[in-house]
Amino acid sequence: MIDRATTSSLAKGMPFLAADVGGTHARLALVRAGASAGQPIEVLAFHKYDCTDYTSLVDFIIEFLATHDGRGVDRGVVASAGYALDDGTVITTNLPWPLSIRETREHLGFADLRLVNDFEAVAYAAAALPTLETTHITGPYESTVNGPMLVLGPGTGLGAAVWIPRSDRPFVLATEAGQASLAANNELELALLAQLLKQHAHVTIEHVLSGPGILNLYNALAVLRGAKPVLSKPSQITAAAQTGDDVLARETLEVFCGFLGSVVGDMALTYGVQGGIRLAGGILPQIRDFLPNSDFVARYLNKGPMRPALERIPVRLVEHGQLGVVGAAHWYLN
């Protein structure tokens, strides 16, 4: 537990570290409690790093604190994808190096360093994001129900969390939904699933709904279409799909959006979502104009008699940006 003196100091504005660590980028911030309810977290400094440029999280933090006048900072929180074990290590399929929160704290000489699921952190921030700072995709403009909210996003992996309102303070349910088995919903998806099963004993949702997943879909479609793949990066595929330069890339992105709609609808029903859906992650802002005109909405609503329930849920797109560090800081203070 954090001692009362430290809790009081944090509440009064003592700076601390907040990190949002993904498979591709690590976002670090020096933060403190805000002065008003309208700004519960104040970001004093922020920097985004490429995870492959360093050999450990410790290296990021040391450089960040030295660069941004972080002398004396000895407390913080790390938001990371993966499943935390009792010994402080994290089971993750996406980070380029091992992560142990205990060893990180010891190397830094921190008095306290906590770990929170990355999309649990994003959910705290995304749920409080003003409607005007989001992009409407489908459903009503705003929810009239103060119910659970789903926050989901494909990046290097697929993150998902459920924000649940309560009378005292909201609770966020962290999930590993991206590791659930992928379900096919038409003949093409069945053929793609069969192709992916040749490479993976367990084909997960994340195997298609992520950056690497886009590449998986592109290569699998190339086999099915008898085409030669010429693109090797997810960003190349999404760019070519939207400019019309590559027919295979465009079909890949269409399939990606169809899978995404189906999965989002499934999760909304599974978790009893009523308060809204926030789509985040690093990929979706890149296809902001493509997504609403794809099969996403049709597949999201294609849930038989439950369609009217899904039609009542506002679905909005949010920029990931600083959501992870702000949400992690919010979680730490509370």
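The values are calculated or read from the model by the stated rules, or taken from the named source; none is laboratory data. Here the structure is a predicted model, which is why all the values come from computation and not from measurement. Heads up, the Cβs are rebuilt from the backbone with ideal geometry, glycines too, and the neighbour counts pull from every protein chain shown. Heads up: the accessible areas ignore ligands, DNA and RNA and are worked out on the full protein's heavy atoms, side chains in. Shrake-Rupley method; radii C 1.70, N 1.55, O 1.52, S 1.80 Å.
What to note about this one:
- Antiparallel DSSP beta bridges within the chain, as percent of all bridges there, nearest 5: 65
- Prolate/oblate/rounded label for segment 288-334 (Cα gyration tensor, a/c 1.5): oblate
- Surface composition of segment 200-334: carbon and sulfur make up 53 percent of the accessible area, probe 1.4 Å.
- Beyond 26 Å in Cα-Cα separation lie the following of the pairs Lys198/Lys228; Lys198/Lys303; Lys48/Lys228: Lys198/Lys303; Lys48/Lys228.
- Rounded if a/c under 1.5, otherwise prolate or oblate - segment 211-334, Cα gyration tensor axes: oblate
- Cα centroid separation - segment 69-124 against segment 294-311, whole Å: 37
- Dipole size of the chain about its Cα centre, with +1 on Lys/Arg Cβ and -1 on Asp/Glu Cβ: approximately 480 debye, rounded to the nearest 20.
- Of all stretches in the chain that contain no trypsin sites (Lys or Arg not before Pro) in a DSSP loop with at most 11 other Cβ atoms within 10 Å, the longest one is 199-334.
- Remark: relative contact order (segment 175-230) = 33 percent; criterion is Cα-Cα distance under 8 angstrom and separation of 6 or more residues.
- Cα-centre dipole for segment 94-173 with unit charges at Cβ (Lys and Arg positive, Asp and Glu negative), debye to 20: 120
- Residues whose placed amide H lies under 5 Å from that of Phe171, excluding near-sequence neighbours: Ile164, Arg166
- Across segment 78-177, the relative contact order, built from alpha-carbon pairs under 8 Å that are at least six residues apart, equals 23 percent.
- Segment Gln286..Asn186, full-extension length gain: 33.4 nm, with 0.36 nm per residue of separation and the alpha-carbon distance subtracted.
- Under the shape rule built on the C-alpha gyration tensor, where the axes satisfy a ≥ b ≥ c, segment 198-241 is oblate, since a/c reaches at least 1.5 while a/b does not exceed b/c.
- Per residue, the chain exposes 45 Å² of accessible surface when a 1.4 Å probe is rolled over the protein heavy atoms with every protein chain present.
- Of the solvent-accessible surface of segment 75-191, computed with a 1.4 Å probe over protein heavy atoms with every protein chain present, carbon and sulfur atoms account for 52 percent.
- Farthest toward positive dipole pole in the chain [+1 Lys/Arg, -1 Asp/Glu at C-beta], among Thr89, Thr67, Leu17: Leu17
- Cβ-placed point charges (K, R +1; D, E -1), dipole of segment 215-323 about Cα centre in debye, nearest 20: 180
- Each Cα pair under 8 Å and six or more residues apart adds its sequence gap; the mean of these over the residue count of the chain is a relative contact order of 21 percent.
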